[in-house]
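*Asks:* A single structure is presented below for examination.
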Amino acid sequence: MEMLDFFLVATSTIGFIRVCKALIKFLKWVWVMFLRPPKDLKEYGSWAMITGSTDGIGKAMALEFASKGLNLVLVGRNPLKLEATSKEIRDHGHRVEVKCVVMDMEKVGGVEMVKRIEEAIEGLDIGLLVNGAGLAYPYSRFFHEVDLQLMDAIVRVNVEGPTWITKAVLPTMIKKKKGAIINIGSGSTVVLPSYPLVALYAASKGYLQMFSRCISLEYKNQGIDIQCQVPLFVSTKMTKMKSSLFVPTPETYGKSCTSCIGYEKLVVPYFFHSLQAFVIKLIPETFMDSYMLRHFLYFRGRGLSRDSRIKALAASNSEAKITNEDGAN
């Protein structure tokens with residue numbers, strides 16, 4: 001009987017501890033999502049720099065920062081899109097300064113990138129950096145099918161770009177003992193156990209996650225908050241998905257992003273994405289791996305079919321052009 005009593009007490013105690021841990025975790029989630037006040041971002045500094053600021057999440061965060069009175073340094077490769085974003089900020093009535101830096105991360109080397117960024121931010125009170133620029137596959141494919149130019153571009157934009165730009169901005173933040181850096185990661189590296197047929201993209205975002213964790217510890221004592229934000233699907237040009245409850249618009253997602261700045265090292269900011277993440281992590285990895293492989297194989301088939309139609313149309317137009325030229329001769 002004594003052994004049975006001990007077993008029952010031990011089992012009950014372990015069960016009680018697990019329930020308490022789950023309850024604390026749930027209450028913390030409620031606090032983060034609904035009750036925790038956002039930080040005053042202007043306390044970091046009067047300027048924010050954003051890469052990938054002409055589309056998607058980067059642009060939405062630029063507008064959100066402007067609404068909070070932050071001056072902006074917008075980094076992008078297309079001068080016309082940069083000017084359009086600046087005009088949109090002015091049209092919204094935000095009385096902030098906007099400085100544009102034209103830079104193509106696919107073509108600019110690391111040392112040159114650092115030099116350009118240092119020149120652009122000289123004399124500015126940079127308090128926030130958002131590494132929002134990102135590049136993905138046009139459609140899913142096996143790793144050996146990824147052409148060399150696309151591989152090089154993804155590594156340059158998703159890995160080298162944030163690394164070098166962070167390197168350029170950190171000394172300013174260290175000097176004044178405050179600042180915040182936000183790296184836009186991906187749910188493919190945190191929520192899902194694998195991301196087959198989009199391997200290089202997921203791996204590059206996995207680098208950002210670990211990079212953020214490490215330098216967050218390095219610079220926390222110097223007043224610099226470094227965070228990797230993990231979105232799932234957002235309705236952007238990259239995902240080509242229509243907006244819904246679980247696929248927010250960039251504007252909706254941008255509001256969630258800004259409310260989390262300065263807190264966790266790794267965070268899923270959007271409420272419904274955090275629910276998705278919770279459910280996905282309950283599903284056995286073997287099942288998720290199988291589902292993700294089938295899912296991306298389907299989109300690979302659609303992409304290959306679309307490419308074939310485009311190539312056939314281009315060949316047809318080329319033949320028609322040659323025929324017309326021959327007829328004219």
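*Asks:* If we scan the stretch 177-184, do we find a residue that is closer than 26 Å to residue 238 by Cα and part of a loop (DSSP other than H, G, I, E, B)?
*Replies:* no
*Asks:* If you don't mind, another one. Considering every residue within the stretch 29-36, establish whether at least one is modelled with pLDDT of 85 or more and either surrounded by fewer than 24 Cβ atoms within 10 Å (Cβ to Cβ) or assigned to a helix (DSSP H, G or I) (or both).
*Replies:* Yes, because at least one residue in the stretch 29-36 is modelled with pLDDT of 85 or more and either surrounded by fewer than 24 Cβ atoms within 10 Å (Cβ to Cβ) or assigned to a helix (DSSP H, G or I) (or both).
*Asks:* A further question follows. So, in the stretch 79-127, how many residues would count as being in contact (Cβ under 8 Å) with a residue 24 or more places away in the chain and either of a type in the set (S, T, N, Q) or closer than 23 Å to residue 236 by Cα (or both)?
*Replies:* Within the stretch 79-127, residues that are in contact (Cβ under 8 Å) with a residue 24 or more places away in the chain and either of a type in the set (S, T, N, Q) or closer than 23 Å to residue 236 by Cα (or both) number 14.
*Asks:* Taking the stretch 88-117, which residues are over 18 Å from residue 56 (Cβ atoms) and of a type in the set (D, E, K, R)?
*Replies:* 90, 91, 95, 97, 99, 107, 112, 115, 116
*Asks:* With the requirement that a residue be surrounded by fewer than 18 Cβ atoms within 10 Å (Cβ to Cβ) and at positive phi, what does the stretch 167-218 give you?
*Replies:* Passing the criteria: only 177.
*Asks:* Which condition from (1) among the small types (Gly, Ala, Ser); (2) touching a strand residue (DSSP E or B) at 6+ places or on another chain (Cβ under 9 Å); (3) over 22 Å from residue 235 (Cβ atoms) is the one that residue 62 breaks?
*Replies:* Here residue 62 meets the rest and fails (3).
*Asks:* Could you list, in sequence order, the residues of the stretch 252-266 that are in a helix (DSSP H, G or I) and either under 19 Å from residue 226 (Cβ atoms) or touching a His at 6+ places or on another chain (Cβ under 7 Å) (or both)?
*Replies:* If the condition is that a residue be in a helix (DSSP H, G or I) and either under 19 Å from residue 226 (Cβ atoms) or touching a His at 6+ places or on another chain (Cβ under 7 Å) (or both), then 256, 257, 258, 259, 260 are the ones that fit.
*Asks:* Which pairs do you get when a residue that is free of Cβ contacts under 8 Å to residues at least 40 places away in the same chain, found in the stretch 20-45, comes within reach of a residue that is outside any helix (DSSP H, G or I) and not β-branched (Val, Ile, Thr), reach meaning Cβ atoms under 9 angstrom, with the pair 6+ apart or on two chains?
*Replies:* These pairs meet every condition: 40/68.
The values are calculated or read from the model by the stated rules, or taken from the named source; none is laboratory data. Quick caveat, the model's predicted, so the values are computed rather than measured. Cβ atoms come from the backbone with ideal geometry, glycine included; neighbour counts cover every protein chain shown.
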